[in-house]
Amino acid sequence: MMVPPPRKKRRAIGGKPARTSPRAHTFTRAHSPIVLGSRVQAKELDRVSSKMADQDFTAGEDVLDQLMKRLDAEIEVFIKAKEPDANDLPRVTRSRDLKKADFTVQWAAFAAKRKMNPVAYVSELVEGLQAHVDQAKGLITKVQGVGPYLNLFVDRARVFRLVIRAVSAQGDKFGHTKAAGGKRVIIEHTSSNPNAPLHIGNLRNVMIGAHLAKMQAACGFEVKQAFYVNDLGAQIGLTALAYSRVYAKIQPYLKIDHWIGAMYAVMNTCQELQQVGVDIGSVEDACAKSKEAADALMQEYLKGAEGDEKKTKGITEYFDIYQDLRERFEKMMVVMLEDVRKIENIKVEAGRLNLAYERQEAWAVKIFRKMVCDCLTGVQTTLSTYGVQHDQFDFESELGWEGSNNKVLEIMKNSDYYVPQTQCNDKGVPQGAYLDMDGFIRDQGLKVGKGGYQKDYPPLYVLRPDGSTLYTYRDIVYSFKKASQSDLILNIICSEQDLAQQKVSLGMMMMNPEMKGRQYHLSYDLVKLTTGKMSGRRGRYLLADDLYDDLKTVIREKMAKKFKDKGEDISPELFDEVTHEVSTAAMKYALLSVSCQTQINFDIAKITDFEDASAPFILYNSTRVASVVRKFNDKVEKGQVPVLPPLDSVDCALLDDGKEWEILMEFVLPFASMIVDGAMPKLPEPPALPSYGTHKVCDFLNGMVRGLSAYYGPAGVRILPTDSQLEEGWNGAAATHARIHLCKAFKQVIDNGLRLLMIEPLERM
């Protein structure tokens, strides 16, 4: 049985923990000024502060959170020296304005509970606390009161050392946490129909799914990426019918998925011409003679359909498509039409083939599986170009073969909301079986209207009048299969399927209440081209493969110019590797840098701009950091500067530029929390959908490299000595060593962020 048994309610996955302590608090004494009454208490503060201050951060935990907990502890020791029952202390947070403070604590609520004026409370707190941080060995060096806020200033040298050490020790895993606690998630993405190549619209689905898999794995999820192979349905039947007429007679002269996509376009066109009364054989014969003959034949058919607007429109449109396809795929079409022209009704024949496949008849299985697997082979080749792999491929047909369809249908039939196919509509025409979704929503008391389900909710049809299953029903069956393998399911499907996906989730809840909140649809908007239109029926797409070639051509030209301008020689092999990485990176960034709910206007010129927010821009600035380290090593080899000492031998107090601290505070420290925010949003009550911030890493990296550019740019800090400085007797080695360690940490964070976007970091470009 595919439907999981009732299970204990799970805590929702995702959501950021509250920043205030949940512990209950009751004071038993009146408030008095906060001072330490003994040397013992002072020593306790000193002991706790010094012990925690220089302790390495724990791997697998948010370093910023660890740092703030240490600051919390330093304050807590002080407060509890006078008020031991104070269990509701406010949490330290990062300051919004680093020019005014490093961290801050809001005391309004804490003071209010004690019937104290918050400003007066903070004033007393500052007076007492400052006297003791002066003698303590903790991270806090200065406190300052601003209204109800306690502003904190920390020992920046020690923080720099702690963070750089953590980044160096954790390497590629820096920023990764165990926030998800090992919960299992299945992310279904790509799932393109196996009768065509991937196009630009498919790629947005691919990138969102693969990126989210990286993000959630970094949060401690056990992630599986699933590809749902829709190998049933009218489109697949048409394609299989065409494939059966071609594959043994002619060798593909295109990439196999392109080849199969062309077959579908041709067979669909032939079917549409038949539906408006056109004989396929006559069209092929006319096209074989000349364009003039084909145009003359079309006019004959138009004359015969005069007065029937729908028919005349179809004749005009599909004559045009047929001629366009024949011009592009003549060799294949000539072979295909030898048999196709003899098929009396293509639609009926394709349906017969589909039904035979559903029934697992061997002859049909042979045709479908070869066609589908051939197409998937081509699709996987495209995915490998972008470094994307799936953990499992689940075939729609196999759900029926293994009996899952029938098992779920039996459960549905026992539901109070199942309406059998014997019912007729208001015109007396038999309808397929359906689930009364409106009745279920009403009986369950689910929210309707703004923020809830729509009024007069449409039924979920599960069977056709002939008893065959519909794709929405099969989606429910598949969802239960995924539910048996995971704690959470995420389906990456475009916004056009919002209602269908909502019906699937409702259907699961109807059959098993414990499925509520187990499956969510990550909806995304479409990709709009700046020029031209895509059309599957015309066999015209902005193909992922062609797009890669176009991107690489543009990138090669720009990269060649950059290397030439810099006077750098690069081997052809390395040049090809670099241009490949930059080209695929440009695509990934372009499709992820925009919020899922926003339409993308795809423009090659913009996404390959080295001066604007783009992958090339980020990669170039990342390699600038690598270049600083590389040039330092070159100077070491030449004996111009001393060898880089271990971090513990470096004076981090020399990291005294404000931009260094800003980058650390705004990007390095919050890196882990940024990942959690993007990968683990609060899961809302259905039908609301979680808002996954798939653009957050792009925004983060763009901001960080811009900060770095300002830091060591022409108007910024000089990290390495100039030749003239070396000649004059340079004495800045200590500061350079500190900054090289810092640059290595910055580069590691950028690299880790790029890998979350499936972009391979580069050392030079």
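All of the numbers you see were taken from the coordinates with simple rules; none came from a lab. In this text the structure is predicted, and so the values were computed from the model without any measurement. When we count neighbours, we look across all protein chains shown, and the Cβ atoms used for this are built from the backbone with ideal geometry, even at glycine.
Placing unit charges on C-beta atoms (Lys and Arg positive, Asp and Glu negative, everything else neutral), compute the dipole magnitude of the chain about its Cα centre in debye, rounded to 20. Please list the in-between numbers first.
Values: 101 positive and 99 negative charges, 483 e Å.
With Lys and Arg at +1 and Asp and Glu at -1, about 2320 debye.
Net charge dipole, region 189-402: roughly 440 debye, given to the nearest 20, about the Cα centre with Cβ charges of +1 for Lys and Arg and -1 for Asp and Glu.
Evaluated at 10 °C with a viscosity of 1.306 mPa s, what Stokes-Einstein diffusion coefficient in µm²/s does region 189-402 have when Rh comes from the Kirkwood expression over alpha-carbon pairs? Rounded, D is 84 µm²/s.
Neighbour counts of C-beta atoms inside 10 Å place CYS743, CYS270 in the sequence CYS743, CYS270, starting with the fewest.
The order of the peptides 319-325, 86-92 by mean Cβ neighbours within 10 Å, most packed first, is 319-325, 86-92. Of the peptides 208-221, 644-657, the order by per-residue mean of other Cβ atoms within 10 Å, starting with the highest, comes out as 208-221, 644-657.
Derived scalar couplings between HN and Hα for region 416-425 equal 5, 10, 7, 10, x, 6, 6, 5, 10, 7 Hz in order, rounded to whole Hz, by the Karplus curve 6.51 cos²θ - 1.76 cosθ + 1.60 (θ = phi - 60°), x for Gly and Pro.
Out of region 621-720, which trypsin sites (Lys or Arg not before Pro) are coil in DSSP terms and have no more than 16 other C-beta atoms within 10 Å? If you can, show how the numbers build up before the last one.
Details: sites: ARG624, ARG630, LYS631, LYS635, LYS638, LYS659, LYS682, LYS696, ARG706, ARG718; in loops: LYS638, LYS682, ARG718.
Passing sites in region 621-720 are LYS638, LYS682, ARG718.
Report, in listed order, any pair from LYS255/LYS370; LYS450/LYS682; LYS561/LYS744; LYS407/LYS455; LYS137/LYS747 with a Cα-Cα distance greater than 24 Å. Over 24 Å apart, Cα to Cα: LYS561/LYS744; LYS407/LYS455; LYS137/LYS747.
So which trypsin sites (Lys or Arg not before Pro) in region 371-454 are both in a DSSP loop and have at most 11 other Cβ atoms within 10 Å of their Cβ? Display every interim value, and only then the final one.
On the way: sites: LYS407, LYS413, LYS427, ARG442, LYS447, LYS450; in loops: LYS427, LYS447, LYS450.
When the trypsin sites (Lys or Arg not before Pro) of region 371-454 are filtered for loop state and at most 11 Cβ neighbours within 10 Å, LYS427, LYS450 remain.
This model, with +1 at the C-beta of Lys and Arg and -1 at the C-beta of Asp and Glu, gives region 39-154 a dipole about its Cα centre of some 280 debye.
In the chain, a dipole from Cβ-located charges (positive for Lys and Arg, negative for Asp and Glu) runs towards its positive end, and of LEU376, TYR318, LEU708 it is LEU708 whose Cα lies farthest in that direction. Across region 259-273, rounded Karplus estimates of 3J(HN,Hα) from the backbone phi angles (6.51 cos²θ - 1.76 cosθ + 1.60, θ = phi - 60°) give 4, 5, x, 5, 4, 4, 4, 5, 5, 5, 5, 4, 4, 5, 5 Hz, Gly and Pro being marked x. Helical content alone sets the calculated 222 nm signal of the chain at -17000 deg cm²/dmol, taking -39,500 (n - 2.57) per DSSP H segment of four or more residues and averaging over every residue.
Starting from the coordinates of the alpha-carbon atoms of region 70-131, obtain the Kirkwood hydrodynamic radius over all distinct pairs and give the value in Å to one decimal.
Values: mean 1/r = 0.0805 Å⁻¹.
Hydrodynamic radius (Kirkwood, Cα pairs) of region 70-131 is 12.4 Å.
Each residue of region 742-756 was assigned a 3J(HN,Hα) from its phi angle through the Karplus curve 6.51 cos²θ - 1.76 cosθ + 1.60 (θ = phi - 60°); the sequence is 5, 4, 4, 5, 4, 5, 5, 5, 4, 4, 5, x, 4, 5, 5 Hz, with glycine and proline shown as x.
Each of LYS291, LYS310 has some number of other Cβ atoms within 10 Å of its Cβ, and from fewest to most they run LYS310, LYS291.
GluC sites (Glu not before Pro), restricted to region 225-313: which are DSSP loop and have at most 12 other Cβ atoms within 10 Å? Could you put the intermediate results ahead of the total?
Working: sites: GLU272, GLU284, GLU292, GLU300, GLU306, GLU309; in loops: GLU306.
For GluC sites (Glu not before Pro) across region 225-313 that sit outside H, G, I, E and B with at most 12 neighbouring Cβ atoms in 10 Å, the list reads GLU306.
Say the dipole of region 464-524 comes from +1 at the beta carbon of Lys and Arg and -1 at that of Asp and Glu; which of SER484, MET508, CYS494 then lies farthest toward its positive end? Going by the charge dipole, the pick is SER484.
The DSSP beta bridges internal to the chain are antiparallel in roughly 45% of cases. Taking the three principal axes of the alpha carbon atoms in region 544-756, the coordinate ranges are 67, 44, 27 Å, sorted in descending order.
By the beta-carbon count within 10 Å of each Cβ, the least crowded to most crowded order of THR579, THR381, fewest first, is THR381, THR579. Under the criterion of Cα pairs below 8 Å and six or more residues apart, the relative contact order for the chain equals 17 percent.
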